[in-house]
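The values are calculated or read from the model by the stated rules, or taken from the named source; none is laboratory data. A quick note: this is a predicted structure, and the numbers were derived from the prediction, not measured. Backbone-built Cβ (ideal geometry, glycine too); neighbour counts: all protein chains shown.
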Amino acid sequence: MVKPTGRPARPHFSSGPCAKPPGWSPDKLDTRVLGRSHRSALGKQRLQYCIDLMRDNLGLPETHCIGIVPGSDTGAFEMAMWTMLGQRGVTTLAWESFGEGWVTDAVKQLKLDPIVIRADYGQLPDLSQVDWSTDVLFTWNGTTSGVRVPDGEWIATERKGLSFADATSAVFANDIPWDKVDVATFSWQKALGGEGGHGMLILGPRAVERLESFTPDRPLPKLFRMTSRGKLNEGIFRGETINTPSMLAVEDAIVALEWAKSVGGLTGMIARTEANAAALGRIVEERDWLNHLAGNPASRSKTSVCLTVDGADADFIKRFVKLLESEDVAYDIASYRDAPPGLRIWCGATVDTTDIEALGPWLDWAREQCR
């Protein structure tokens, strides 16, 4: 088979955190703040502007606080777990590796004896089993399995416990009902194509109430402390970060958020994501050797789309993706190390649909070469 002509633009194809928005350039960064303290007037202004853009693009209600915290999505989610869990029972949902990580934290580190509801890769557990008298931890979109919750209808409106959503590859690609979410976390490197190391923590009013009324019986590192004298430290949610952030990464996030606003904000980002997922879906439908790991379209991710390749083992996939990388076609598209051997294609809004469409012939070519 002859190599296809043309190829996806270099930064736009990866299952990893490097899909910058179309037209991104270092020249677009506001460099005034570089080398300045994040506590300077300018530094605080830019951090607050980043938060304001985030709220605007997500359509986040004023009832919810949003803050920049250390440690990417993992740091943000663990910050919430360590400070809020323990007042009542806990239920953890796991259908991929990151959900399993929260199970490990709850069982082995926090020793909470949670209810654990699991499903295999490609499947979603029975959400009707969830007891909303407990605090509930789940990943909205399973990055390593390609499985997401279809919506927020399964989250009880009159719940007694808090809902904790790891939403790192769901935000900017799904219409999240914020009245159903008490805690949400994500990072810049997924849907925004931003830099790593910084997490976003969103707290609804019920989460704030928990923080101000409950003191866990465990030591809390400084980076996790969100209250002072029994009240929420509101400065964290005005850009007064607990530790020193990278202002270069902040400026990069601002560029991405301004781009998101230019394409229609949340509505535009969702539309771009859905177009990309549909384009990849057509590629799969046209090839009998490709399949979705997530069998149910209603719970299939539209961002981190996981595919199986008939007859492929881990060695085949390794050769397959290395060949595409050597041709500057796609980067890091092998499935996650704990997932079944296959491909993982990022279809988030920072990818152009034409790049997705161009991928199909290259997959055919790589398969023939590897066979």
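Restricting attention to the range 77-100, the residues that are touching an Asp or Glu at 6+ places or on another chain (Cβ under 9 Å) and farther than 14 Å from Asp135 by Cβ add up to 8.
Scan the range 132-191 for residues that are over 19 Å from Val103 (Cβ atoms), surrounded by fewer than 24 Cβ atoms within 10 Å (Cβ to Cβ) and among the small types (Gly, Ala, Ser) and the total you get is 3. Among the residues of the range 114-135, is there at least one that is touching a residue at least 60 places away in the same chain (Cβ under 8 Å), part of a loop (DSSP other than H, G, I, E, B), closer than 21 Å to Arg272 by Cα and in contact with a strand residue (DSSP E or B) (Cβ under 6 Å, 6 or more places away or on another chain)? No, because not a single residue in the range 114-135 is touching a residue at least 60 places away in the same chain (Cβ under 8 Å), part of a loop (DSSP other than H, G, I, E, B), closer than 21 Å to Arg272 by Cα and in contact with a strand residue (DSSP E or B) (Cβ under 6 Å, 6 or more places away or on another chain). A count restricted to the range 118-137 and to residues that are touching a Leu at 6+ places or on another chain (Cβ under 6 Å) and over 14 Å from Ser299 (Cα atoms) stands at 1.
Can Glu274 be described as farther than 30 Å from Trp154 by Cβ and of a type outside the set (S, T, N, Q)? When the stated conditions are applied, Glu274 does not pass them.
Conditions tested, residue by residue: (1) surrounded by fewer than 20 Cβ atoms within 10 Å (Cβ to Cβ); (2) under 18 Å from the mean Cα position of the chain (by Cα); (3) not hydroxyl-bearing (Ser, Thr, Tyr).
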site	(1), (2), (3)
Ile68	no, yes, yes
Gly71	yes, yes, yes
Thr74	yes, yes, no
Met81	no, yes, yes
Met84	no, no, yes
Gly89	yes, no, yes
Ser97	yes, yes, no
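Leu248 falls short on exactly one of the conditions (1) assigned by TED's automatic domain parsing to the domain that holds Gly197; (2) buried (at least 20 other Cβ atoms within 10 Å of the Cβ); (3) part of a helix (DSSP H, G or I), and that condition is (2). Among the residues of the range 120-138, the ones that are polar (S, T, N, Q) and under 15 Å from Val90 (Cα atoms) come to 3 in all. Leu42 fulfils the conditions (1) surrounded by fewer than 17 Cβ atoms within 10 Å (Cβ to Cβ); (2) of a type in the set (A, V, I, L, M); (3) touching a residue at least 12 places away in the same chain (Cβ under 8 Å) except for a single criterion, (3).
Based on what the data block shows, is Ala156 in a loop (DSSP other than H, G, I, E, B) and closer than 20 Å to Gly295 by Cα? The answer is no for Ala156.
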